[in-house]
């Protein structure tokens, strides 16, 4: 069963935390796309990387205990902060600190991210290219899989859309969860869209330049960001402002238990995104100041 990558989405505790986990180190029978994840590298680098992210973004990750302690699960998040995506960094590190580096965990990313030489170390943390096949392989392997259905469309939304969940009608995550028979766990974050001033997605220019056909990009965003000043495309990332990142993990959703044996995909999509939007509204109401939190 094939699905386009854009249909699925793109683009806080002891290191060996308690709880039963599936100890499944890479082996010759592990799907090739999953073998670059390195538990040794994560174990060595996690303490320093977490201190760095914690000092800059002051992440507050709530509800990690709601994620099933073992087995495959589809984590569905809203996405912010352009190509730097501090919400992804904070959640990935927080997940490993909670569940330990041995638990299989993979994050789906846009194929241009996977081809950037300076981002190759993300592969060691479990970042894989967003596609139906890769996501299905990871879930079949028993992993937790993090997907951002809004992808580049949501991550580059204008700053005045900062408190909106914008998946652009991409329902692939629902079909994936149903096909793999795994629960969905919504992961809602706030703060990432305060790390730069995002002016426009540039979707019309992207369409005129045929970036979707050439690079699977539906946007050519323009932002004001360090160190570039005016940043077109955010291809090389930017220095993110030190905005506080708050992440709320919601209760797992067993789709067939909640919606019946043959759920309507659009109904599930609407309920999941509405639940995430209500949670994001609550997080926004808590926030007193931009960047400071």
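Readers should treat all values here as calculations from the given coordinates under stated rules, not as data from a laboratory. Values in this document were obtained by computation on a predicted structure and should not be read as measured data. Cβ placement follows ideal geometry from the backbone for every residue including glycine, while neighbour counts extend to all protein chains displayed.
In terms of its C-alpha gyration tensor, region 159-259 has an oblate overall shape, because the principal axis ratio a/c (a ≥ b ≥ c, square roots of the eigenvalues) is not below 1.5 and a/b does not outweigh b/c. With a Förster radius of 25 Å applied to the beta-carbon distance between residue 262 and residue 200, the computed FRET efficiency rounds to 0.05.
One chain, two ends: residue 226 and residue 159. Fully extended at 0.36 nm per residue, the span grows by 22.6 nm beyond their Cα-Cα distance.
Measuring nothing but how far apart in sequence close Cα pairs (under 8 Å, 6+ apart) lie, relative to its length, region 49-183 scores a relative contact order of 33 percent.
Work out, step by step, the length gained on full extension between residue 120 and residue 54: first 0.36 nm times the residue separation, then minus their alpha carbon distance; give nm to one decimal.
On the way: separation 66, 0.36 × 66 = 23.76 nm, distance 2.22 nm.
Extra length available between residue 120 and residue 54 comes to 21.5 nm.
Assuming R0 = 51 Å, can you tell me the calculated FRET efficiency for the pair residue 140 and residue 286, based on Cβ-Cβ distance, to the nearest 0.05? Could the numbers behind the result be given before it?
Working: r = 38 Å, r/R0 = 0.75.
E(calc), rounded to 0.05, equals 0.85.
Annotation for residue 133 and residue 271: the two label points, set 7 Å from Cα along the Cα-Cβ direction, are 3.3 nm apart.
Between rounded, prolate and oblate, where does the chain land on the alpha carbon gyration tensor, with a ≥ b ≥ c its root eigenvalues, rounded for a/c under 1.5, else prolate if a/b exceeds b/c? Here the chain falls in the rounded category. In terms of its alpha-carbon gyration tensor, region 75-166 comes out prolate; a/c meets the 1.5 threshold, and the first ratio a/b outweighs b/c.
How long is the gain from residue 254 to residue 32 if the chain were fully straight, where each residue apart is worth 0.36 nm and the alpha carbon distance is subtracted?
That pair, residue 254 and residue 32, stretches by 77.0 nm at full extension.
The order of 190, 253, 184, going from fewest to most other C-beta atoms within 10 Å of their C-beta, is 253, 184, 190. Distance between the modelled labels on residue 207 and residue 45, one decimal in nanometres: 3.9 nm (7 Å Cα→Cβ projection).
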